[in-house]
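The values are calculated or read from the model by the stated rules, or taken from the named source; none is laboratory data. Every value quoted in this text rests on a predicted model; they were computed, and no experiment measured them. Virtual Cβ from ideal backbone geometry, glycine too; neighbours counted across all protein chains shown. We work out accessible area using only protein heavy atoms, side chains counted, and drop any ligands, DNA or RNA first. Shrake-Rupley method; radii C 1.70, N 1.55, O 1.52, S 1.80 Å.
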Amino acid sequence: MTQSFDTPLPPPKERRRLRELGSLTQAQLAARLGVSRETVRAWETGRSTPSGRKRESYGKLLASLAAVRPPAEVTVPQGPEPAPVLTVSLSKAAPKPEPPTPTPAAALTPTQAFDALYAFCAPALVRQTYLLTGRRELARESVEQAFQVAWQRWPEVAVDPDPASWVRATAYEYALSPWHRFRPRYRHPEPPPADASDRALLDVLLTLPPPYRRTLLLYDGVGLGLPETAAETEASTPAAASRLLHARSAIAERLPDLAEPEVLHHRLAKTASTERLRAAKPPTVRIESERRARFWTRAAIAITVAIIGATALTLHTAPTRYEPPVPPGETVPGVPPKAAPGTLSTAELALRAKLRAESANGPEKLLPEPR
């Protein structure tokens, strides 16, 4: 029987303000509650809401933070101002300097924001994609491709509630594409990890179906909640839970030491961190993205011009009036058929030989002989 907890929670913005009042980072708050940093971020942005015992623990922690420090809206009444202390000076008293006006923080440019997102997400995302595919080069290519698409669609990605999830979903989709098996560079397997335990874990992961592998990596590797995992894999929450249970049972059957989720999480992180996977620099990714955008734009323009030219040529050479077809030939009665050329008969051969023999230079004339 499952016990329900209906602990009231403040709004998402108030949750973040209370955490900052308590001088806690998202990672420290996640460690206290026993969840991942991504889960705390989802709670504070309003993308998800805790339930069960996590909701009760989270509500108690926020209540304790609110009790320690008063909210920012409460004003403390002040007593009468103390009498000013006068100092004797021979010079004229200088005016009291005004406090400096706080200057607002300068907004990041699109290039700076993209570089910051890339530096924050790319190293970990390459390792996650390596666990997903088992190929180092494909992992780097998938991450670079995802960030190139993100740079091309940066106005959309910049306003997304969680840009890291947007890029991660794009990288996972590209890495799990079935068309990679037809590429010559990915037909042969890459060298496995050096450690035997990492090699065994990677072999078990690669035997799982891609949806199961992705669900396991998001839940036990990245640390997302079950609703977030289901949303990112475009599946229902029961389907994501079923995939997760089947993936865990398959791993526990072949590797009994990894039956516990916490042990599996640490092993996944250890296996990914042992590989030296380096992503390209942010300027390189941006330049490649712009180069591809220019290439496809020019290709689209060239194809459009070719279609327009072919259409114009067809319209120019097409007939403008109806021309009836030529009727088939008919046999005319009473006219003998024309003899077709063929081999000469014996008489014709003899006549031709005689003509050639009797023809000579001179005034003689050849007269036909009666037969």
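When each pair of different Cα atoms in segment 122-247 is counted once in the 1/r mean, what is the Kirkwood radius in angstroms, to one decimal? Intermediate values should be presented prior to the final figure.
Details: mean 1/r = 0.0656 Å⁻¹.
After inverting the pairwise mean of 1/r, the radius is 15.3 Å.
Taking the Cβ of Tyr130 as the center, what net charge do the other residues with Cβ under 9 Å away carry, scoring Lys and Arg +1 and Asp and Glu -1? Working shown, then result.
Values: positive: Arg127, Arg135, Arg136, Arg140; negative: Glu275.
Around Tyr130, the surrounding residues sum to +3.
Nearest 0.05, what FRET efficiency do Tyr186 and Glu56 give at R0 = 51 Å with Cβ-Cβ as r?
Working: r = 48 Å, r/R0 = 0.95.
About 0.60, to the nearest 0.05.
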Relative packing of 172-178, 21-27, which averages over residues the other C-beta atoms within 10 Å, highest first | 172-178, 21-27
Near Lys54, which aspartates and glutamates are there with a Cα under 16 Å away, not counting those fewer than 8 places off in the same chain?
-> Asp6, Glu38, Glu44, Glu228
Distance (nanometres) between label positions extended 7 Å along Cα→Cβ at Val335 and Thr297 = 7.0 nm
Farthest positive-ward along segment 156-270 dipole, Cα basis, beta-carbon charges - from Leu244, Pro193, Tyr212 = Pro193
Using 1/(1 + (r/R0)^6) with R0 = 56 angstrom and r between the beta carbons of Thr284 and Thr317, what's the FRET efficiency to the nearest 0.05?
-> 0.70
What is the spin-label model distance, in nm, from Leu349 to Ala113 if the labels are put 7 Å beyond Cα along the C-beta direction?
-> 10.0 nm
If Lys13, Lys354 are ordered by their accessible area, calculated over protein heavy atoms with a 1.4 Å probe, which sequence runs from highest to lowest?
-> Lys13, Lys354
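Show Val143, Val263, Val35 ordered by accessible area, largest first, where the area counts protein heavy atoms only and the probe is 1.4 Å.
Values: Val143 0, Val263 60, Val35 25 Å².
Result of the area sort, largest leading: Val263, Val35, Val143.
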Residue span Glu14 to Ala27: 0.36 nm per residue of separation minus Cα-Cα distance leaves a gain in nm of 2.9 nm
Hey, how many Å between the Cα centroid of segment 22-38 and the Cα centroid of segment 270-301?
-> 33 Å
Quote the FRET efficiency, to the nearest 0.05, computed for Asp160 versus Thr274 with a Förster distance R0 of 30 Å and r equal to the Cβ-Cβ distance.
-> 0.40
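Which of rounded, prolate, oblate describes segment 228-327, given a ≥ b ≥ c as roots of the alpha-carbon gyration tensor eigenvalues and a/c under 1.5 marking rounded, otherwise prolate only if a/b is larger than b/c?
Working: a/c = 4.86, a/b = 2.36, b/c = 2.05.
Taking the square roots of the gyration eigenvalues as a ≥ b ≥ c, segment 228-327 is prolate.
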How much net charge surrounds Ala279 when only the other residues with a Cβ under 11 Å from the Cβ of Ala279 are counted, with Lys and Arg +1 and Asp and Glu -1?
-> +2
For Lys354, counting only aspartates and glutamates whose alpha-carbon sits under 14 Å away and dropping same-chain residues fewer than eight positions off, the answer is Glu369
